[in-house]
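Take a look at the structure below.
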Amino acid sequence: MSTPVTSRYEQDNFIDSTKKVWNFSILTEEDIRNFQNGTHYTLYEKFGSHPLKVLDKWGIYFAVWAPNATSVSVKGNFNDWKNNEFELYPRWDKSGIWEGFIPGLGLGEVYKYRIKGFQGIETDKGDPFANFWEKRPLTASITWDLQYDWKDLDWMNIRKKHNALNAPWSVYEVHLASWMRPDKNDEETYNTYEQITHRLVPYVKEMGFTHVEFMPVMEHPFDGSWGYQGTGYFAPTSRFGSPQEFKAMIDAFHNEGIGVILDWVPSHFPYDSHGLFMFDGTHTYEYADMRKGYHPDWNSYIFNYKRGEVKSFLISSARFWFDHFHIDGIRVDAVSSMLKLNYSRNEGQWEPNEFGGDGNLEAIAFIKDLNETIFRDFPDVQTIAEEATDWPGVSKPTFEGGLGFGMKWMMGWMHDTLRYFKQDPIYRQFNQDSFTFSMMYYNDENFMLPLSHDEVVHGKSPMIYKMPGDEWQKFANLRLLYSYMFTHPGGKLLFMGDEFGTTVEWNYKSELPWELMQYESHLGMKTCVADLCRLLKEEPAMYERQFEPGGFEWVDLNHRAESVMVFRRKGLLPEDDLLVVLNMTPEVRRDWKITTYGKEVWKEIFNSNEAKYWGTGDVFNPAPEVKEVDKINRLFEINLHLPPLGAIVLK
């Protein structure tokens, strides 16, 4: 239980203790002012349901924003769901907030708000600030508290270096329900947070990923939305257990040195009757003008970023997960759709902003405030944008005119790279420019390279079947792609199942095909990805200058016909430099000459063609021959054997 609170009502003896609901508030005038101005970022401490002690009586305090309501009451199991029995009080300041204290009510009570709103419309709504909800398909909120004894102090004290831009970033993207199920053929079965913890934490640790990213865990009614159409912005889904059990899972990751990122969706929400849509009978949380307020792609509704109360709600939601759940980052979904008024709209379906442009000025201001708030209050975390356009400065600081994100997904790299690798190797010589194009604009942003869930659904095929050739070539191509991805500058994100070359598209109703682990080809792929994760963490040149122009250098792009490309990754110390050689064809190239500067001794520290990866294992370079060819400029010629469809890394 929380500590007793003394409000202005209690101080002034305004409470009539004979009533079922006491006229009581914990909101101050400063709270109201900041809420309305869009500058209250801890609303979760005041809104929703909170256990309190008032006049020596324990109970639950409720506060909800319903500015167009004419009455709001709390109903639940505790009163057999009767309407209008426990009515809340409208605040005297016309803020649209309804509140009250119900003495004797405890934790674990199931409830909803009965709202009589515009034109007398009556609806039953879940609590927008609830910390716990019934398990779907049930839709009520549950009174709860979030007390938990954290055990991750060591991680919290040092996580700044793990979450920094000059740290290694290899992110394992996970959909919690379908990573593994108790019954893989029954979509109604879920592992609990505790069961997931026992299975997933050791797996991510074994693979060597630095971070795990969960597709939205915020409460949502429909499994088929994958969590991206949410109703509970302050609650982890009850599909797998309680908020405390979710905290324990994060705790377990932290105690293994693994950061936790959550997908977060401030771009839109569904029209489910218990959710935010038409909350008090009018467009409360969404724009009233459907040219701005309706999402044609997702049949959902767009937050009204102009409204201060909505802005306070959203930034409080983001901050909540850092504050109460110790997360290390948020990946903000669908940023492009927020920035553009004409996103997925034809001419005549949208209205320009006041300057005649297509930018949503209110959303831009919201995003900047969001990032400024998170980095001010939690300087040792990251915010990551899923943004697919050429919007400038997404990951630049707001004081430099940017949006303020820490990183941005590099969607252009993903599209160009997959297009290149899908080609028969004989044609790759004609498309080298598209492969190398990413480095033309790489330094515009702090990029994360994503091979995400979106690339293995809706008929796009699993990663292994995007690759050309026979079975051996498909696996070699995929190992080559991952090697290129991990040695390219920037953060890396890989969707679950991609690490072992799953042969089926992702299906949220099932689980990953873990039975593939009995085959050497898939086990070899998994081993290769684990070694790439380790290489990333062990070699400073792979991450120290990953967002600096000086951290990358092309060495040889002059062999288009052979489709061999060479680049250098550079760390803070010259002796840490790495050479990466990519042979994009199935031809073995022996005695291949590379001229570079600075070192006369090199050794091979990674080869994607090793037998343990299901490669041939017979083309390698234990001690490459090196000879000086220009003494003045310290140029050396390295003689190498290049494996088929292979990548090698030299140090």
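What follows draws every value from the coordinates through simple rules; no lab data is involved. Values in this document were obtained by computation on a predicted structure and should not be read as measured data. Neighbour counts run over all protein chains shown; Cβ positions are idealised from the backbone, glycine included.
Tell me, what is the percent relative contact order of the stretch 299-427, built from C-alpha pairs under 8 Å that lie six or more residues apart?
Relative contact order, the stretch 299-427: 21 percent.
Show me, for the stretch 390-399, the HN-Hα J-couplings you get by feeding each phi into the Karplus relation (A = 6.51, B = -1.76, C = 1.60, θ = phi - 60°), rounded to Hz, glycine and proline as x.
Once θ is set to phi - 60°, the couplings for the stretch 390-399 become 9, 4, x, x, 4, 9, 9, x, 5, 6 Hz.
Starting from the stretch 436-538, pick out the chymotrypsin sites (Phe, Trp or Tyr not before Pro) whose DSSP state is loop and whose Cβ has at most 16 other Cβ atoms within 10 Å.
Phe437, Tyr519
Quick one: check the C-alpha center-to-center distance for the stretch 260-286 versus the stretch 481-517, whole angstrom.
Using only Cα atoms, the two centres lie 31 Å from each other.
For Glu351, Glu99, Glu455, Glu505, what's the fewest-to-most ordering of other Cβ within 10 Å of each Cβ?
In order of increasing Cβ crowding within 10 Å: Glu351, Glu505, Glu455, Glu99.
So which chymotrypsin sites (Phe, Trp or Tyr not before Pro) in the stretch 40-107 are both in a DSSP loop and have at most 15 other Cβ atoms within 10 Å of their Cβ?
Here the sparse-neighbourhood loop sites are Trp81, Trp92.
Quick check on the chain: helices-only [θ] at 222 nm, where DSSP H runs of length 4 and up contribute -39,500 (n - 2.57) each and the sum goes over total residues. Nearest 500, please.
-7000 deg cm²/dmol
Need one number: % antiparallel among DSSP beta bridges in the chain, to the nearest 5.
Antiparallel bridges make up about 70 percent of those DSSP assigns within the chain.
Take Lys151 and Leu573, extend 7 Å from each Cα along the Cα→Cβ direction, and tell me the distance between the two endpoints in nm.
The modelled label-to-label distance comes out at 3.6 nm.
If you consider only alpha-carbon coordinates, what radius of gyration and Dmax does the stretch 352-462 have, in Å?
17.2, 53
If you average the sequence gap of Cα pairs under 8 Å that are 6 or more apart and divide by the length of the chain, what percent do you get for the contact order?
With pairs under 8 Å counted, the relative contact order is 11 percent.
Given H placed 1.01 Å from N in the peptide plane, which residues other than close sequence neighbours of Ser300 have an amide H under 5 Å from its amide H?
For Ser300, whose amide H was placed from the backbone, the distant partners under 5 Å are His295.
Using 30 Å as the Cα-Cα cut-off, could you pick out the over-long pairs in Lys396/Lys526; Lys537/Lys599; Lys247/Lys570; Lys184/Lys526; Lys466/Lys603; Lys57/Lys82?
As for pairs spanning more than 30 Å Cα to Cα, those are Lys396/Lys526; Lys247/Lys570; Lys466/Lys603.
Restricting to Cα atoms and excluding each atom paired with itself, what does the Kirkwood estimate give for the stretch 8-130 in Å?
For the stretch 8-130, inverting the mean 1/r across all distinct Cα pairs yields 14.7 Å.
Placing +1 at every Lys and Arg Cβ and -1 at every Asp and Glu Cβ, with all other atoms neutral, what dipole size does the stretch 426-484 have around its Cα centre, in debye to the nearest 20?
With only Lys, Arg, Asp and Glu charged at Cβ, the dipole is about 220 debye.
Calculate the dipole size of the chain relative to its Cα centre from +1 charges on Lys and Arg beta carbons and -1 charges on Asp and Glu beta carbons; express the result in debye to the nearest 20.
200
Short version: ³J(HN,Hα) in whole Hz for each residue of the stretch 329-346, in order, from phi by Karplus 6.51 cos²θ - 1.76 cosθ + 1.60 (θ = phi - 60°), x for Gly and Pro, what are they?
My calculation for the stretch 329-346 gives x, 10, 9, 8, 7, 6, 4, 4, 5, 7, 6, 9, 5, 9, 4, 6, 10, 8 Hz in order.
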